[in-house]
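Asks: Sharing a structure, written as structure tokens. Questions coming.
The values are calculated or read from the model by the stated rules, or taken from the named source; none is laboratory data. If you're wondering where the values come from, they're calculated on a predicted model, not measured in any experiment. Glycine gets a Cβ as well: all are built from the backbone with ideal geometry, and neighbour counts include every protein chain shown.
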Amino acid sequence: MTTSSGNYSYQPQIDPKRIIAIWGFSEAALGGILHALKIPLTGMFVGGAAVIFITLLAHYSQKKTAILNAAITVIVIKAIISPHTPLAAYFAVGIQGLLGYFFFSLIKFQKIAAILLGFFSLLFSSLQKFIILTIVFGNTFWNSIDDFANYILIQLKIDPSYYSLSFSIVLISIYAIIHVSVGIYLALKAVSLPKKVNEKSYSLAEAFKYYLTEDIFERKESKKPKRWWKRKSGIILIIFFTLLMILTYFEPGFEKSRTYEIFIMLVRSFIITFFWFVIISPFLVSKFNKFIEKNKFERASEINRATALFPEFKKIINYSWKASANYRNIRRIRKFLSDAIVLLLITKINTNERNINL
């Protein structure tokens with residue numbers, strides 16, 4: 001059913017191609033926008049958004065192979081818009097697409113399939129970071145964190161021998177549990193989203209039609225990823241481990257051998273990073289670029305249609321964030337994401353004529 005008023009019309013019919021465009025936008029631009037809005041754990045929300053869009057694709061598409069095709073299209077869009085994105089990010093999108101196709105093809109109950117997708121997608125997303133840290137720094141990284149945590153406990157007159165769990169395992173577990181919980185929560189929201197679109201879309205659209213804003217999120221040139229030791233997190237790590245080496249040398253509570261182990265760990269990380277950027281990464285990037293070029297040509301019309309929607313997506317994100325200003329903290333993020341996704345699904349802005357079609 002369609003209602004209209006002047007240049008404004010309401011028609012909450014969800015097009016799977018629009019879902020793919022929103023997923024591509026999420027992967028290529030949403031992380032930067034959420035970072036600009038100072039929303040923490042943007043990677044977790046981008047991964048959670050993928051769970052939502054894959055669930056919607058499974059709901060609105062006749063064939064589940066649409067999920068695999070969508071994942072490839074999203075990877076190509078991501079490569080075009082953010083060409084210097086690390087390979088691991090493309091790999092994550094591919095894994096999400098495969099998991100979505102696997103669960104929704106084998107499991108007839110959408111809610112169960114969505115929960116499994118949310119659980120494993122976000123679990124992989126959280127553990128991926130720790131796997132990379134372990135590959136680069138080795139087990140010494142985690143042992144050093146445990147040693148430092150035990151040192152702090154000793155300074156607080158707490159005997160760490162009473163605690164059997166290591167601090168690093170607790171840290172990893174908490175981080176993974178947060179991600180998995182968000183994945184399951186967003187999966188359940190995704191299952192109920194079609195009903196919410198029918199219930200909320202008209203009221204949201206009526207509010208949004210009076211609001212058009214200039215695009216405050218200007219596109220910035222994608223930068224090449226920095227070596228880990230040039231990033232803020234890397235600088236903090238170097239300072240931390242330098243101080244830890246000093247402590248292990250002068251403090252009797254530490255093993256003297258740990259100084260040497262930390263030094264070797266840092267040398268190892270520099271060597272691994274060097275080999276990755278100089279030898280392994282160029283080879284993989286060249287293979288990946290051939291894949292992108294092939295699919296860029298084959299999916300040109302689909303990609304052009306999707307990326308043409310990005311300016312209006314940014315306006316919707318901007319509006320949704322400002323419209324949630326009366327809420328605080330987690331409630332604001334929930335309100336923002338909920339309204340933004342509904343509007344992204346149903347809203348079409350004619351940027352030339354400055355009107356809205358829904």
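Asks: Would you please name the residue that is modelled with the highest pLDDT, looking only at residues in segment 31-43 that are assigned to a helix (DSSP H, G or I) and surrounded by fewer than 21 Cβ atoms within 10 Å (Cβ to Cβ)?
Replies: That would be Gly43.
Asks: If Ile330 satisfies all but one of (1) over 27 Å from Ala66 (Cβ atoms); (2) of a type outside the set (Lys, Arg); (3) in a helix (DSSP H, G or I); (4) at pLDDT 85 or above, what's the number of the condition it fails?
Replies: Failing condition for Ile330: (4).
Asks: Further, regarding this structure: Among the numbered criteria (1) closer than 17 Å to Ala92 by Cα; (2) among the β-branched types (Val, Ile, Thr); (3) surrounded by 15 or more Cβ atoms within 10 Å (Cβ to Cβ), which one does Ile132 miss?
Replies: The one condition Ile132 does not meet is (3).
Asks: Still on this structure, please answer the following. Would you confirm whether any residue within segment 322-333 is closer than 18 Å to Ile52 by Cα and of a type in the set (Phe, Trp, Tyr)?
Replies: Looking through segment 322-333, none of the residues is closer than 18 Å to Ile52 by Cα and of a type in the set (Phe, Trp, Tyr).
Asks: Let me ask something else about it. Within segment 171-187, restricting attention to residues that are loosely packed, with under 15 Cβ neighbours inside 10 Å and not β-branched (Val, Ile, Thr), which residue is nearest to Tyr60 (Cα to Cα)? It would help to see each step written out before you state the result.
Replies: Step one: list which residues in segment 171-187 are loosely packed, with under 15 Cβ neighbours inside 10 Å, which gives 173-174, 177-178, 181.
Within this subset, residues satisfying the condition of being not β-branched (Val, Ile, Thr) are 173, 181.
Numbers: Ser173: 35, Ser181: 25 Å.
Selected residue: Ser181.
Asks: Scan Leu127, Leu171 and give me the residue that is part of a helix (DSSP H, G or I), more than 22 Å from Ala49 (Cα to Cα) and at pLDDT 80 or above.
Replies: None of the others qualify; the one that does is Leu171.
Asks: Please enumerate the residues belonging to segment 44-71 that are assigned to a helix (DSSP H, G or I), in contact (Cβ under 8 Å) with a residue 24 or more places away in the chain and more than 16 Å from Phe25 (Cβ to Cβ).
Replies: Scanning segment 44-71 gives Met44, Thr55, Ala58, His59, Tyr60, Thr65, Ala66, Ile67, Leu68.
Asks: Among the residues of segment 248-267, is there at least one that is polar (S, T, N, Q) and at pLDDT 65 or above? Talk me through it step by step, then tell me what you get.
Replies: Step one: filter segment 248-267 for residues polar (S, T, N, Q), giving 248, 257, 259.
With the extra rule that they be at pLDDT 65 or above, the set shrinks to 248, 259.
Among the residues of segment 248-267, at least one is polar (S, T, N, Q) and at pLDDT 65 or above, which makes the answer yes.
Asks: Collect the residues in segment 304-327 that are hydroxyl-bearing (Ser, Thr, Tyr) and in a helix (DSSP H, G or I), keeping them in residue-number order.
Replies: Once the filter is applied, which keeps residues that are hydroxyl-bearing (Ser, Thr, Tyr) and in a helix (DSSP H, G or I), segment 304-327 yields Thr307, Tyr319, Ser320.
Asks: Also, I was wondering about something else. So for segment 75-85 (the condition being over 23 Å from Leu337 (Cα atoms), surrounded by fewer than 18 Cβ atoms within 10 Å (Cβ to Cβ) and modelled with pLDDT under 85), does at least one residue qualify?
Replies: The answer is yes, given that some residue of segment 75-85 is over 23 Å from Leu337 (Cα atoms), surrounded by fewer than 18 Cβ atoms within 10 Å (Cβ to Cβ) and modelled with pLDDT under 85.
Asks: Let me ask something else. Using the structure shown, decide if Ser105 is polar (S, T, N, Q) and surrounded by 16 or more Cβ atoms within 10 Å (Cβ to Cβ).
Replies: The answer is no for Ser105.
Asks: Working carefully through the options Ala114, Ala28, find the one that is modelled with pLDDT under 90, assigned to a helix (DSSP H, G or I) and out of contact with any Gly (no Cβ under 8 Å at 6 or more places or on another chain).
Replies: On inspection, the qualifying residue turns out to be Ala28.
Asks: Quick check: anything in segment 326-333 surrounded by fewer than 13 Cβ atoms within 10 Å (Cβ to Cβ), more than 23 Å from the chain's Cα centre (by Cα) and of a type outside the set (Val, Ile, Thr)?
Replies: Yes, segment 326-333 has at least one match.
Asks: Residue by residue through segment 94-113, note down the ones that are within 17 Å of the chain's Cα centre (by Cα) and of a type in the set (A, V, I, L, M, F, W, C). Spell out how you get there, then give the answer.
Replies: Of segment 94-113, the ones within 17 Å of the chain's Cα centre (by Cα) are 94-100.
If the condition is that a residue be within 17 Å of the chain's Cα centre (by Cα) and of a type in the set (A, V, I, L, M, F, W, C), then Ile95, Leu98, Leu99 are the ones that fit.
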